[in-house]
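Accompanying notes for the structure given below.
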Amino acid sequence: MKLKQLLSNLKGDKVIWSFLALLALFSFMPVFSASTNLAFGRDGDGNTLGYLVKHLAHLGMGFMIIYFVHKVPYHYFRVISRIGLPVVWGLLALTLFKGTNIGGANASRWLQLPFIGISFQTSSIAAIILYIYVARYLSKTRETPVTFKASFVELWIPVFITLVLILPANFSTTALMFVMVVMIAFVGKYQLKYIGYIMGMAIAGLLIFVALSKTFPDSKFFSRVDTWISRIENYGTDKEGEDEYQINAAKTAIASGNFTGVGPGKSVQRHFLPQSSSDFIYAIIVEEYGLVGGLGVLALYLLLLFRFVIAAHKANTLFGKLVVISLGFPLIFQALINMAVAVELLPVTGQTLPLISSGGSSIWMTCFALGIIINVTKKEEEIELEQKEAAKREEALQRLIDQELEADDKHIETGNYSIQDSSKNPMDAVINK
């Protein structure tokens, strides 16, 4: 009974809810299997049950985030984006200079909450706030023409400040965010020549940043630059290194999967892939479930993308349309990038597979974005429901009117009086009645 009550309280697009539930349920087997590497490497006992329980807790918290966020009117996020952007800049700056090491890597990506001990990737929340901020600006200026100077100050300076604070530690996330912002601007009818100016500025700024990193190689601000430059330079070569080792192990896993896979929990390469439960979990999926499982996961993400397009089309406001696009598309592109890295179509980026890879803050931020998307679809659903109820009320009222008219007609036909004066006394018609 409680489950039925809970499901009845879930508003918004039920198809999106279903796809999210399918991805979350499917994730348990790959995470349980791929966590063997961590269980032996960190704990030494090989027990992966603890990692499965932790993944269950992260997903449970994530779906609670979706539930509570989808109850908040999404128009509130207009104001939240403006207020939250300066807060995000402070968090990014703090992370950049006092970042926490996670497994000895990614030193400036994570920030640890004091007293709680939970670490989270500040670029994830920064991306969500920035996308909503861009959607808010474009929806506000859609009806009135804007100059490049005005839009550069109000739109692109906040965008570049956010990206510059992320770039030194995480080039792949910065690149993905910039591409997404440009895409949102294009969908929002921002002038193409202005987009060209911005792309030129971005390329010039990146070249200057790389030149500064070569000039000051010992600066902590540029400590990760050599890493992502070497990843790009070594992409497609046979040069030995940690990334090449991971790619070779991932390709071996994919080749071992064949059409139907070796079976759930029977992966061999999970013992050799350092990031088997997060960055390279797609390779483990293909190894255990074969081409069928790999294409099935890809199909789920593509169907979810198609549903996002439908939700954006149905949204009753321009802001709602842009919010769905700006938050939904990056999730799908992140999934495609993760899969492309596993098959060596792209260099190693460190992007996880949304809702499937293990992790805490990445799952929660993904669920936060999905909650806002479902919120937009809920508004459309509420409007449609109100229209249906109004139509039912009008139809019921019309039936009552028709019944009253029909009753009056029958009464007139069978009655003993008439308004015609057929007697000598003009008042007989009234008196007889």
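Consider LEU318 against the criteria (1) of a type outside the set (D, E, K, R); (2) open to solvent by less than 10 Å² (accessible area, probe 1.4 Å); (3) under 30 Å from THR377 (Cβ atoms): it satisfies all of them except one. Which criterion is unmet?
Among (1) of a type outside the set (D, E, K, R); (2) open to solvent by less than 10 Å² (accessible area, probe 1.4 Å); (3) under 30 Å from THR377 (Cβ atoms), LEU318 violates only (2).
Can you name the residue in the range 97-142 that is crowded, with 19+ Cβ neighbours inside 10 Å and at pLDDT below 65 and, of all such residues, is nearest to LYS189 (Cα to Cα)?
SER108
In this structure, is ILE161 under 18 Å from PHE319 (Cα atoms) and in contact with a Leu (Cβ under 9 Å, 6 or more places away or on another chain)?
It is false that ILE161 is under 18 Å from PHE319 (Cα atoms) and in contact with a Leu (Cβ under 9 Å, 6 or more places away or on another chain).
If I filter the range 195-214 down to residues being of a type outside the set (A, V, I, L, M) and open to solvent by 30 Å² or more (accessible area, probe 1.4 Å), which single residue comes out as farthest from the chain's Cα centre (by Cα)?
LYS214
If you scan the range 162-175, which residues turn out to be touching a residue at least 60 places away in the same chain (Cβ under 8 Å) and more than 12 Å from GLY350 (Cα to Cα)?
Correct list: THR162, LEU165, ILE166, PRO168.
Name every residue in the range 143-175 that is among the aromatic types (Phe, Trp, Tyr), at pLDDT 85 or above, touching a helix residue (DSSP H, G or I) at 6+ places or on another chain (Cβ under 7 Å) and open to solvent by 40 Å² or more (accessible area, probe 1.4 Å), in order of residue number.
The answer is PHE148, and nothing else.
With (1) hydrophobic (A, V, I, L, M, F, W, C); (2) at pLDDT 85 or above; (3) closer than 30 Å to LEU302 by Cβ as the list, and VAL88 as the residue in question, which single condition is left unmet?
Here VAL88 meets the rest and fails (3).
Which pairs do you get when a residue that is in contact (Cβ under 8 Å) with a residue 12 or more places away in the chain, found in the range 249-267, comes within reach of a residue that is open to solvent by 70 Å² or more (accessible area, probe 1.4 Å) and part of a loop (DSSP other than H, G, I, E, B), reach meaning Cβ atoms under 6 angstrom, with the pair 6+ apart or on two chains?
ALA249/PHE272
Give the number of residues within the range 233-266 that are at pLDDT 70 or above and either open to solvent by 50 Å² or more (accessible area, probe 1.4 Å) or not in a loop (DSSP other than H, G, I, E, B) (or both).
20
Identify the residue in the range 331-344 that is open to solvent by less than 10 Å² (accessible area, probe 1.4 Å) and within 16 Å of the chain's Cα centre (by Cα) and, among all such residues, is nearest to SER139 (Cα to Cα).
Result: ILE332.
Collect the residues in the range 347-372 that are in contact with a Phe, Trp or Tyr (Cβ under 6 Å, 6 or more places away or on another chain) and open to solvent by 20 Å² or more (accessible area, probe 1.4 Å), keeping them in residue-number order.
PRO347
Report yes if some residue within the range 47-64 is over 17 Å from the mean Cα position of the chain (by Cα), modelled with pLDDT under 90 and farther than 23 Å from LEU355 by Cβ; otherwise report no.
yes
Kindly provide the set of residues from the range 270-295 that are hydrophobic (A, V, I, L, M, F, W, C), touching a residue at least 24 places away in the same chain (Cβ under 8 Å) and in a helix (DSSP H, G or I), ordered by number.
Listed by number, the residues that qualify are ILE281, ALA283, ILE284, ILE285, VAL286, LEU291, VAL292.
Step by step: first the residues of the range 284-315, then only those that are at pLDDT 90 or above and among the small types (Gly, Ala, Ser), then the one that is surrounded by the most Cβ atoms within 10 Å (Cβ to Cβ). Which residue is that?
By that ranking, first place goes to ALA311.
With the structure loaded, tell me whether VAL324 is within 23 Å of VAL348 (Cα to Cα) and surrounded by 23 or more Cβ atoms within 10 Å (Cβ to Cβ) or whether it fails that test.
no
The values are calculated or read from the model by the stated rules, or taken from the named source; none is laboratory data. This is a predicted model, so every value here is computed, not measured. All Cβ positions, glycine included, derive from the backbone under ideal geometry; neighbour counts span all protein chains shown. When the accessible area is computed, the model is the full protein with side chains, heavy atoms only, and any ligands, DNA or RNA have been set aside. Shrake-Rupley method; radii C 1.70, N 1.55, O 1.52, S 1.80 Å.
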